[in-house]
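A short write-up of the structure that comes next.
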Amino acid sequence: MAFTTREIESPDPQTRVARAEAELAAQAGDIGEKMVLNMGPSHPATHGVLRLVLELDGETVTKATPDIGYLHRGDEKIAENMQYNQFVPYTDRLDYLAPLANNVAYALAVEKLMGWEIPPRGQAIRVICCELARIQAHLLGIGAMALDLGAMTVFLYTFTEREKIYNLCEVISGARFTTSYTRVGGQIRDLPDSFFPQLQKFLDEFVPQLDEVDKLLTRNKIFVDRTRDVGVIPKERAIAYGLSGPNLRGSGVEHDLRREHPYLGYENYDFEVVVGSAGDGYDRYLVRIEEMRQSVRILQQAIEKIPGGPINIADWKNMPPPKSRVMTKMEELIHHFIVITEGLNAPAGEIYFGAENPKGELGFYIHSKGGGVPYRLKIRSPSFCNLSILPELLPGCSLSDVVAVLGSLDFVMGECDR
């Protein structure tokens, strides 16, 4: 390429000095106006080990970069090195605020691979587990969000009710927190007779407490001002980022897997899919409040019409046979030994199953080459997808609004990092 004399002529020294000083002044101005702040990974408002790298112009966020992975445990690779049922306790550690629902979602995925459908009583028990887990998770989400915004009384109300659900979990499984109650093909045991009166007592006491929380927050001017028109997610952006659960429905998208792709007989229950309109933090809060009421409605129906009969699949070549048969028949003894040592014999194939968990769609993709161990397993965690919108959502917010936005998204890092 040819150059003219004018193009290659060097500027005089004074011009070069002036240009350099202008560049330095511009750089100094940028440094003076912008500040990079690390929020987390050890910060109470990040609800776990989430690190946000925030670029601030005064009190306004101009750029936000989520940094995840501080709680990574390699769950998917662990699943590829153990039998299907051996992975059940690891699902407790995904959304550890709703372990009962995680167990159910994973078991349903493996049962889809096996071509199984558990008996009606087993399905009803799983519905009870899932809806109790939904209430349990939403209580913590709303209580922690309120506490982040200065409303401590709500936190005490919600955690008192969560303790009652922990007591119910103990009746169901013997454990309060990491339940590991569900198995592929059924449950470890049937519900005891004492459970249903205790569940009914909890529901009778819970509804007035939920109304009290509603009164404390929904018309509270401070809470409304901190959440309304803050963290607005338009319907199109929520869909584009793959949001699910209350965060998607808060933006006005009527999508609930219990209705769109019914499982566990959810099509037989009468409940409403709760949606918002504005897509802000206040709408996401309202959706969770009303979803708990709908869960109470589902639980009441489950109590009234729970069927009798078996709770597990009666496939004794892939399920441990009843102890009475194992002790009296050689064939059942052999099958029991094979199932315990080698696991169930899954067919080759690929499946995906997604369940409507409290945080959104918890999905499991399983690639099987046959046998008792998956060849590949992928977990679709709702919190990971919900957090992906933060770089677009936080710029323009004030620093204090970041706390409100994170609380309204209600994520948990156990399933995000996996």
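Rundown of residues vs (1) in a helix (DSSP H, G or I); (2) under 30 Å from Cys385 (Cβ atoms); (3) at pLDDT below 90, yes/no style:
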site	(1), (2), (3)
Leu147	yes, yes, no
Thr160	yes, no, no
Lys164	yes, no, no
Glu212	yes, no, no
Leu243	no, yes, no
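When Glu356, Glu331 are checked against the criterion of being touching a residue at least 40 places away in the same chain (Cβ under 8 Å), at negative phi, outside any loop (DSSP other than H, G, I, E, B) and acidic (Asp, Glu), Glu356 stands alone in meeting it. Of all residues in region 236-275, those being over 27 Å from Ser400 (Cα atoms), under 19 Å from the mean Cα position of the chain (by Cα) and of a type in the set (D, E, K, R) number 5. Report yes if Phe177 is more than 20 Å from Leu406 (Cα to Cα) and modelled with pLDDT under 90, otherwise no. Here the answer is yes, as Phe177 does meet what is asked. Looking across region 288-306, just one residue is buried (at least 22 other Cβ atoms within 10 Å of the Cβ), within 12 Å of Asp214 (Cα to Cα) and not charged (D, E, K, R), and that is Met292. One residue stands out among those in region 163-201 that are among the hydrophobic types (A, V, I, L, M, F, W, C) and free of Cβ contacts under 8 Å to residues at least 40 places away in the same chain: the one that is nearest to Gln300 (Cα to Cα), which is Phe195. Of all the listed residues (Leu100, Leu113), the sole one being under 22 Å from Gln83 (Cβ atoms) and either of a type in the set (Gly, Ala, Ser) or more than 16 Å from the chain's Cα centre (by Cα) (or both) is Leu113.
Go through the residues of region 276-291 one by one and say whether even a single one is more than 23 Å from the chain's Cα centre (by Cα), in a helix (DSSP H, G or I) and hydrophobic (A, V, I, L, M, F, W, C). Looking for residues that are more than 23 Å from the chain's Cα centre (by Cα), in a helix (DSSP H, G or I) and hydrophobic (A, V, I, L, M, F, W, C), one finds none in region 276-291, hence no.
Which of the helices (runs of 4 or more DSSP H) contained wholly in region 373-414 include at least 2 residues that are among the aromatic types (Phe, Trp, Tyr), surrounded by fewer than 21 Cβ atoms within 10 Å (Cβ to Cβ) and modelled with pLDDT of 90 or more?
Details: elements: 382-387, 390-393, 399-409.
Here the list is empty.
Among the residues examined, Val61 qualifies as among the β-branched types (Val, Ile, Thr) and at pLDDT below 90. State which residue is surrounded by the most Cβ atoms within 10 Å (Cβ to Cβ) when the search covers only region 219-235 and only residues that are in a helix (DSSP H, G or I) and in contact with a Ser or Thr (Cβ under 9 Å, 6 or more places away or on another chain). Result: Thr227. Within region 166-205, being in a helix (DSSP H, G or I) and among the basic types (Lys, Arg) holds for one residue alone: Lys201.
The values are calculated or read from the model by the stated rules, or taken from the named source; none is laboratory data. Because the structure is a prediction, the values reported are computed rather than measured. So basically every Cβ, Gly included, is an ideal-geometry build from the backbone, and we count neighbours across all protein chains shown.
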